[in-house]
Amino acid sequence: MGIALRFEPIDANGKRYEVKVVATDLKRMYARVVDGKLVIQMPASWDRNYAMESAIKLYERARRFLMRHPERFDRKRMEVRDGMEIRVLGRAFRVSVTENPNSSSSRARLDGDTVAISLSGRLSQKDRARHAESLLSRTCSKAVLPALADRVNRTNAEHFRSTLGAIRIRNNTSKWGSCTSRNNLSFSFRLLLLPDDIIDYVIAHELAHTKVRSHSQRFWAILGSIVPDYKQKRKWLNAH
């Protein structure tokens, strides 16, 4: 496609969101906030003029949304402390954080139900917090992924019977879950820290997208037949 698009940064709630446009092999166009930037993912196969027009429209929609709902993208980084306990998908983990002044890299390992994080002593305070959160989420995600996959597959078998692709856990803050055109399902690590009924709602929500891609009336009808109080669950999520 070879398009070089530049957009003005978006100022919302005292924050500035730089905008980045990237070409992908996806079939649809998406906009999401990643590390404080608005990233517009554009299908590389699209016609140049159509892609440019669509990107401009998506940028405007994203800008309006950020202006109206800045709190949706103002979730603070998880504070990881030595000795803290965290419950992920119902499983309790204890966290051990140490610092190695002689190491240039950080790492983590799971010892039973203890996540042992070793941070490089060469990190700044900001990078230390970022590394600790990333290592914690990655280690816990790997440990609970089989249980999450089993939960998704059971819900799918009972209500949808769709052919699913990969099931993943991602450490993002802009979405609780997502479903691609190939039925690959992704769930936010932060979702797994929430109550069970909320997790089940998001699982059903993303599985409903295997039947209806959009948020049309048909989509909500399908979801409502499985989660009758989905409006309350959705409202709770939007507040958190």
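One table, with the values for the structure above:
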| quantity | calculated |
| --- | --- |
| Residues satisfying the stated conditions in the range 109-138, i.e. closer than 22 Å to residue 200 by Cα and of a type outside the set (D, E, K, R) | 137 |
| Some residue of the range 223-237 being in contact with a Leu (Cβ under 9 Å, 6 or more places away or on another chain), exposed (fewer than 12 other Cβ atoms within 10 Å of the Cβ) and within 29 Å of residue 93 (Cβ to Cβ) | no |
| Candidate set from the range 165-175 (those that are surrounded by fewer than 22 Cβ atoms within 10 Å (Cβ to Cβ) and at pLDDT 95 or above); member that is nearest to the chain's Cα centre (by Cα) | 168 |
| When residues of the range 181-218 are limited to those that are crowded, with 17+ Cβ neighbours inside 10 Å and hydroxyl-bearing (Ser, Thr, Tyr), the one nearest to residue 232 (Cα to Cα) | 201 |
| Residue in the range 41-51 that is part of a helix (DSSP H, G or I) and either of a type in the set (A, V, I, L, M, F, W, C) or within 23 Å of the chain's Cα centre (by Cα) (or both) present | yes |
| Looking only at the range 7-47, and only at residues there that are among the charged types (D, E, K, R) and in contact with a Ser or Thr (Cβ under 9 Å, 6 or more places away or on another chain), the one that is surrounded by the fewest Cβ atoms within 10 Å (Cβ to Cβ) | 25 |
| Conditions (1) out of contact with any His (no Cβ under 7 Å at 6 or more places or on another chain); (2) touching a residue at least 12 places away in the same chain (Cβ under 8 Å); (3) surrounded by 13 or more Cβ atoms within 10 Å (Cβ to Cβ); (4) not in a loop (DSSP other than H, G, I, E, B); number of the one not met by residue 127 | (2) |
| Pair list, Cβ under 8 Å, 6 or more apart: the range 20-47 residue at pLDDT 80 or above, other residue among the aromatic types (Phe, Trp, Tyr) and part of a strand (DSSP E or B) | 37/17; 38/17; 40/30; 41/30 |
| The range 73-123, subset among the charged types (D, E, K, R) and assigned to a strand (DSSP E or B), residue nearest to residue 36 (Cα to Cα) | 107 |
| Filter result (among the charged types (D, E, K, R) and over 23 Å from residue 91 (Cα atoms)) within the range 162-214 | 182, 211, 213 |
| Contacts under 8 angstrom Cβ, first residue in the range 77-98 being closer than 21 Å to residue 168 by Cβ, partner assigned to a loop (DSSP other than H, G, I, E, B) and not basic (Lys, Arg), 6 or more apart | 91/113; 93/113 |
| Any hit, the range 148-165, residues being under 20 Å from residue 28 (Cα atoms) and either part of a helix (DSSP H, G or I) or in contact with a Leu (Cβ under 9 Å, 6 or more places away or on another chain) (or both) | yes |
| Check on residue 178, modelled with pLDDT under 95, in contact with an Asp or Glu (Cβ under 8 Å, 6 or more places away or on another chain) and within 26 Å of residue 25 (Cβ to Cβ) | yes |
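Yes/no matrix, rows are residues, columns are (1) surrounded by fewer than 17 Cβ atoms within 10 Å (Cβ to Cβ); (2) within 26 Å of residue 147 (Cα to Cα):
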| position | (1), (2) |
| --- | --- |
| 85 | yes, yes |
| 97 | no, yes |
| 107 | yes, yes |
| 113 | yes, yes |
| 120 | no, no |
| 132 | no, yes |
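The values are calculated or read from the model by the stated rules, or taken from the named source; none is laboratory data. Not measured: the values here are computed from a predicted model. A quick note on method: Cβ atoms are made from the backbone with ideal geometry, for glycine too, and the neighbour counts reach across all protein chains shown.
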